[in-house]
Amino acid sequence: MSQTKRISIHGQWSSRWAFILAATGAAVGLGNIWKFPYIMGQNGGGAFVMLYLACILLVATPIFIAEVMLGRRARRSPVQGMAVLAEEESAAPAWKYLGWMGVVAGFLILSYYSVIMGWAMAYVERAMTGSFHGLDGAALKSMFEAFKADPMELLFWHSLAMLITMLVVVRGVRAGLEAFTVLLMPALFVILLLLVGYGMSTGHFVEAFSYMFTPDFSKLTANSVVVALGHSFFTLSIGMGLIMAYGSYMPEKVSITQTALFVVAADTTIALLAGLAIYPVVFANGLEPAAGPGLVFQTLPIAFGQMPLGVLVGTLFFALLTLAAWTSSISMIEPAVAHLVEKRGWTRVKAGIWLGLGAWLLGIASVLSFNYWNEFKMFGKTFFELLDFTTSNIMLPLGGLLIAIFATWMMRRETSFAELGLSPRMYAVWRALTRYVAPLGIVIIFVYGLGLLG
Ligand code: PHE
């Protein structure tokens, strides 16, 4: 059997569409709507956005393509897949640890992601019952502070979020949820446009726009540069083998680059729209851009409390955010599940339940880091912050660096050329970016940012 005829034991996507939907579902999530706007605010706006876009274009996109390519080539879960590819390309067997790092990163991310997904769920309830009506920024800030301070409530929603994640993971049938993604993306898009429209009515849209798109490089610190790079990986879900796992279910004939570019475009558009929806409200109400993880929960509800049909729009918004988080959370432990099924012969159900339980337990530490343990810091960060920092800003970029190195330095040119099916010119562009630009970018940013860990 020739190598290219391999089919994954976990099955195959029915079409190119199924891959696009699953990958977009994984990519678009809390990262776009919750995280991007608040880290932009913490890092001074425009210059950070420029840097983030540069990282997406020059570093993350070529690596996204490389990761899909490795997955489709190997037709296995990341750990096994890397072992097989390393053998095929006569590289060191230790490359399988790249797969391992992804398995661990996905598990760690899920533990706190579920906590924040719980926040979105809790806010569906608040929006539905009209709790935002007539509240100003200060009142919404206290509402959020009180919410965050209550470990039992956070735990309740975290548990529910993990439960619905596990339900889909163990069934292993994504068809239902993926079918959602077709509706979810346009709906999210429309509602964000609506909120951008509301932003225009506040009279502070121009200010928000120039905040986001006028770079002031004096605002950038070494930390911002590391965060922008890390976020470009987090938001596209790359560097941890998930896209490799999804790529391994991808049919032979499909163009990897086209599908990758679609996912990147959708993901970036949603993130920028979220910023354009939130910042006019921030400026119109004299709020703090650097408010941190509560930003979206403290700002958009002001709009929902004032606009006509605010109860409906607010409920829809948080429901869509929950769904977007859900299509991401189910993907995070795919590498781990696939590995346990492949290597240990576990059933999906057993793997899903144990991993889910583990991530749920670890998530409790993140829950507590917002209240009881909020003074307990390592490297100046709470547990949640440290976990987020280590996974997004260190593990994912490191995984991405290794993927880029493997795909362009270890793998023979003919292999990647055949797998990508690009014209020679486009192939040369991809290869130059993945072989030189992306690795150099990552290394420079790492070295530059290293000081901040001390
Ligand atoms: N990309 C997702 C988001 O933006 C987060 C994610 C990271 C999902 C890693 C899967 C793997 O919300």
Practice task
Report whether or not residue 416 is open to solvent by 20 Å² or more (accessible area, probe 1.4 Å) and closer than 22 Å to residue 255 by Cβ.
Solution key: no
Problem - Members of segment 21-33 found to be more than 22 Å from residue 220 (Cβ to Cβ) and either hydrophobic (A, V, I, L, M, F, W, C) or near the ligand (Cβ under 8 Å from one of its atoms) (or both), listed by number - result: 21, 22, 23, 26, 27, 28, 29, 30, 33
Handout entry: Test: residue 345 is surrounded by fewer than 22 Cβ atoms within 10 Å (Cβ to Cβ), over 21 Å from the mean Cα position of the chain (by Cα) and within 23 Å of residue 137 (Cα to Cα)
Key = no
Problem - Yes/no for residue 47 being surrounded by fewer than 18 Cβ atoms within 10 Å (Cβ to Cβ), at pLDDT 95 or above, farther than 28 Å from residue 348 by Cβ and away from the ligand (no atom under 12 Å from the Cβ) - result: no
Handout entry: Close pairs from segment 6-35: first over 19 Å from residue 117 (Cα atoms) and aliphatic (A, V, I, L, M), partner at pLDDT 85 or above and more than 11 Å from the ligand (Cβ to nearest atom), Cβ under 6 Å, at least 6 apart
Key = 20/259; 20/262
Practice task
Select from segment 316-342 the residues that are among the β-branched types (Val, Ile, Thr) and more than 13 Å from residue 29 (Cα to Cα) and write down the one among them that is most open to solvent (accessible area, probe 1.4 Å).
Solution key: 341
Fill in the blank from the handout: The residue from 442, 394 that alone is of a type outside the set (D, E, K, R), under 23 Å from residue 59 (Cβ atoms) and open to solvent by 50 Å² or more (accessible area, probe 1.4 Å) is 394
Handout entry: Test for residue 276: is it open to solvent by 10 Å² or more (accessible area, probe 1.4 Å), closer than 13 Å to residue 199 by Cα and away from the ligand (no atom under 16 Å from the Cβ)
Key = yes
Problem - segment 234-258, subset open to solvent by 10 Å² or more (accessible area, probe 1.4 Å) and part of a helix (DSSP H, G or I), residue nearest to the ligand (Cβ to nearest atom) - result: 234
Problem - Selection within segment 289-303 - part of a helix (DSSP H, G or I) and either open to solvent by 10 Å² or more (accessible area, probe 1.4 Å) or of a type in the set (Ser, Thr, Tyr) (or both) - result: 298, 299
Handout entry: Hits in segment 50-77 (condition: closer than 16 Å to residue 264 by Cα, open to solvent by less than 10 Å² (accessible area, probe 1.4 Å), of a type in the set (A, V, I, L, M) and out of contact with any Ser or Thr (no Cβ under 7 Å at 6 or more places or on another chain))
Key = 68
Completion exercise
Contact list, first residue from segment 317-335 and under 16 Å from residue 363 (Cα atoms) and in a helix (DSSP H, G or I), second anywhere and open to solvent by 10 Å² or more (accessible area, probe 1.4 Å) and more than 7 Å from the ligand (Cβ to nearest atom), beta-carbon distance below 6 Å, six or more apart or interchain, is 330/168
Problem - Number of positions in segment 92-145 that are in contact with a Gly (Cβ under 9 Å, 6 or more places away or on another chain), open to solvent by 40 Å² or more (accessible area, probe 1.4 Å) and among the β-branched types (Val, Ile, Thr) - result: 0
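The values are calculated or read from the model by the stated rules, or taken from the named source; none is laboratory data. What you see is a predicted model, and the numbers here were worked out from it, not measured in a lab. Cβ atoms come from the backbone with ideal geometry, glycine included; neighbour counts cover every protein chain shown. Areas reflect the complete protein model, heavy atoms only, side chains present, ligands, DNA and RNA absent. Shrake-Rupley method; radii C 1.70, N 1.55, O 1.52, S 1.80 Å.
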